[in-house]
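Colleague: My questions will all concern the structure given below.
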Amino acid sequence: MADTLAAQIRSGDRRALAKAITLVESTRADHGEQAAALLEAVMPDTGQSIRLGISGAPGVGKSTFIESLGNYLTEQGHRVAVLAVDPTSAVTGGSILGDKTRMESLSVNPNAFVRPSPAGKTLGGVTRRTRESLLLCEAAGYDVIIIETVGVGQSETAVSDMTDMFLLLLSPGGGDDLQGIKRGIMELADLVLVNKADGDQASLANQTVSDYRAALQFMQSRTPSWTPQVEVCSALHNQGVDKAWAIVAAFCSALTDSGELQTMRAQQARAWMWSETAELLIGDLKQHEAIKAMVPELERAVLNAELPATVAAQRLIEYYKTQG
Ligand SMILES: Nc1nc2c(ncn2[C@@H]2O[C@H](COP(=O)(O)OP(=O)(O)O)[C@@H](O)[C@H]2O)c(=O)[nH]1
Ligand SMILES: [Mg+2]
């Protein structure tokens with residue numbers, strides 16, 4: 001079963017890819033085993049893409065930009081997959097990213113594959129499935145994988161931890177209010193694009209670029225072989241998108257030449273292993289009948305400040321260890 005599906009994915013069968021992603025997104029235990037076998041089968045065919053994270057506040061133009069970039073790239077002969085990590089799908093089941101702009105032309109582009117964010121109970125769960133989907137897309141021959149997330153919560157860090165390069169979209173203005181931006185997100189960015197540099201916003205956009213360039217000088221860059229760049233673009237009018245891509249390509253070759261790309265991916269994979277281990281352990285622990293029976297009393301004691309949380313956690317673990 002895993003081998004057949006893996007072969008179909010490798011042959012570029014989009015329906016097989018969609019089916020495989022549905023499998024990794026499933027929470028059923030038997031699906032989990034099939035997904036694991038499938039991922040192991042496709043592993044040799046992964047790793048050859050450029051993994052690009054894109055973030056920005058709602059309305060800044062992420063969907064428009066990804067559509068523009070995606071269509072540009074397919075014209076250049078690339079195959080592009082777009083995945084999303086939407087923190088709201090974990091909290092409310094709703095979606096910030098699944099908004100009015102649905103990348104209509106990219107969705108029907110035969111050399112593109114667009115997949116919305118999986119719903120999940122935790123950001124960690126959503127993130128894990130997106131990582132696995134990324135590997136499946138690579139096995140299917142997509143050589144540019146774009147992972148979109150929205151500028152709220154911890155999802156930027158999660159996306160940055162699974163991609164090679166992180167791109168931040170901003171709107172014109174706000175450049176003189178740099179304290180107002182989340183500095184942490186700026187620090188993740190390898191490329192900042194001030195979008196909507198068109199019409200009467202064009203000069204404001206250029207001013208914003210100057211402000212951010214000045215601000216970035218005082219920030220530490222993520223890697224020794226790359227200095228973060230700031231540029232304007234107009235996703236709506238397809239302006240600056242080719243230049244943005246040239247910067248992505250320059251970033252990738254700089255980090256490939258220095259060996260940092262390989263090191264970074266290896267470290268990402270190791271960190272992923274440990275977060276998976278933690279998730280699996282806690283999932284297993286919570287399923288134990290005897291543990292389940294202990295939880296209400298422990299939680300009650302913690303809620304009423306009768307027992308330190310650390311002690312409650314230690315008791316759970318001690319008991320879990322005796323359960324074999
Ligand atoms: N003028 C202008 N409007 C844009 C540009 N890019 C996006 N928009 C508009 O901004 C709005 C939000 O864009 P969207 O791509 O949905 O933003 P997202 O929420 O970040 O995905 C839409 O009405 C777009 O047409 C741009 O480059 N210039
Ligand atoms: Mg959008």
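Read-outs throughout are calculated quantities, based only on the coordinates presented, and are distinct from any laboratory measurement. Everything numeric in this text was worked out from a predicted model, so none of it was measured. Cβ sites come from the backbone with ideal geometry, for glycine too, and all protein chains shown count toward neighbours.
Colleague: I want the antiparallel fraction of DSSP beta bridges within the chain, as a percent rounded to 5.
Modeller: Values: 1 of 27 bridges.
Percentage antiparallel, nearest 5: 5.
Colleague: Please give the FRET efficiency for Ala246 paired with Asp30, using the beta carbon to beta carbon distance and R0 = 51 Å, rounded to the nearest 0.05. Walk me through the intermediate numbers first.
Modeller: On the way: r = 46 Å, r/R0 = 0.91.
In this case the efficiency is close to 0.65.
Colleague: Using only Cα atoms, tell me the angle between helix 241-257 and the longest principal axis of the chain; keep it within 0 to 90° and round to the nearest 10.
Modeller: Rounded to the nearest ten degrees, it is 60.
Colleague: Distance between the C-alpha centers of the stretch 259-283 and the stretch 40-72? Whole Å please.
Modeller: Here the answer is 20 Å between Cα centres.
Colleague: If each DSSP helix of 4+ residues adds -39,500 (n - 2.57) and the sum is divided by the residues in the chain, what number results at 222 nm, nearest 500 deg cm²/dmol?
Modeller: Details: 14 runs with 177 residues, N = 324.
Calculated at 222 nm, the ellipticity per residue is -17000 deg cm²/dmol.
Colleague: Still on this structure: Based on the alpha carbon coordinates of the stretch 1-45, what radius of gyration and maximum Cα-Cα distance (Dmax) apply, in Å?
Modeller: Every Cα atom of the stretch 1-45 included, Rg and Dmax give 9.6, 27 Å.
Colleague: In nm, give the distance between the simple-model label positions of Asp45 and Ala254, each being 7 Å from the Cα along the Cα-to-Cβ direction.
Modeller: 3.4
Colleague: Quick check for you: which residues of the stretch 60-83 have the amide N under 17 Å from the point 7 Å beyond the Cα of Ala202 toward its beta carbon?
Modeller: none
Colleague: Could you tell me how many degrees, from 0 to 90 and to the nearest 10, lie between the Cα long axis of helix 123-139 and the main elongation axis, the longest principal axis, of the Cα atoms of the chain?
Modeller: On a 0 to 90 degree scale, this one is about 60.
Colleague: With springs only between Cα atoms under 10 Å, which of Gln287, Gln220, Gln239 fluctuates most in a Gaussian network model of the chain?
Modeller: It is Gln287.
Colleague: Output the peptides 102-115, 131-144 sorted from most to least packed, where packing is the average of other Cβ atoms within 10 Å over each peptide's residues.
Modeller: Numbers: 102-115: 17.0, 131-144: 22.6.
Per-residue mean Cβ counts within 10 Å order the peptides as 131-144, 102-115.
Colleague: Please give the contour-minus-distance gain from Val108 to Leu236: 0.36 nm per residue of separation, less the Cα-Cα distance, rounded to one decimal in nm. Walk me through the numbers before you get to the answer.
Modeller: Working: separation 128, 0.36 × 128 = 46.08 nm, distance 1.84 nm.
Between Val108 and Leu236, full extension yields an extra 44.2 nm.
Colleague: Based on the Cβ-Cβ distance of Thr277 and Asp3, what FRET efficiency does E = 1/(1 + (r/R0)^6) give at R0 = 22 Å, to the nearest 0.05?
Modeller: Values: r = 26 Å, r/R0 = 1.20.
My answer for the efficiency is 0.25.
Colleague: State, to one decimal in nm, how far the label point of Glu289 lies from the label point of Ser210, with both points 7 Å from Cα in the Cβ direction.
Modeller: My value for the distance between the label points is 7.3 nm.
Colleague: Same structure again: Most exposed first by the Cβ proxy, i.e. fewest other Cβ within 10 Å, how do Lys292, Lys62 rank?
Modeller: Ranking Lys292, Lys62 by Cβ neighbours within 10 Å, fewest first, gives Lys292, Lys62.
Colleague: Report relative contact order for the stretch 46-258 in percent, whole number only (criteria: Cα-Cα under 8 Å, sequence separation at least 6).
Modeller: Working: 402 pairs, mean separation 53.4, N = 213.
It rounds to 25 percent for the stretch 46-258.
Colleague: Send over the per residue convex hull volume for the chain, Cα only, as a whole number of Å³. Please list the in-between numbers first.
Modeller: Values: hull volume 52.7 nm³, N = 324.
Cα-based convex hull of the chain, divided per residue, equals 163 Å³.
Colleague: Short version: ³J(HN,Hα) in whole Hz for each residue of the stretch 29-45, in order, from phi by Karplus 6.51 cos²θ - 1.76 cosθ + 1.60 (θ = phi - 60°), x for Gly and Pro, what are they?
Modeller: Values per residue, Gly and Pro as x: 4, 5, 5, x, 5, 5, 4, 4, 5, 5, 4, 5, 5, 8, 3, x, 9 Hz.
Colleague: A follow-up question, please. Angle between the Cα long axis of helix 260-287 and the longest principal axis of the chain, 0 to 90 degrees, nearest 10?
Modeller: The two axes meet at around 30 degrees.
Colleague: Order of Val232, Val194 from fewest to most other C-beta atoms within 10 Å? Don't skip to the answer; put the middle values down first.
Modeller: Values: Val232 21, Val194 30.
Ascending Cβ contact count within 10 Å gives the list Val232, Val194.
Colleague: Follow-up. For the chain, with the dipole built from +1 on Lys and Arg beta-carbon atoms and -1 on Asp and Glu ones, taken about the Cα centre, which of Leu281, Pro228, Val194 lies farthest toward the positive end?
Modeller: Most positive-ward Cα: Leu281.
Colleague: For Ser117, which sequence-distant residues (separation of 5 or more, or a different chain) have an amide H within less than 5 Å of its own amide H, given hydrogens modelled in the peptide plane?
Modeller: The list, which skips near neighbours in sequence, is Ala84.
Colleague: While we're here: Which far-off residues, 5 or more places away or on another chain, put their amide H under 5 Å from the one on Gln239, with H placed in the peptide plane?
Modeller: It is Ser234, by chain and number.
Colleague: Strictly greater than 19 Å: what percent of every Cα pair in the stretch 183-269 meets that?
Modeller: Working: 1742 of 3741 pairs.
It works out to 47 percent of all Cα pairs.
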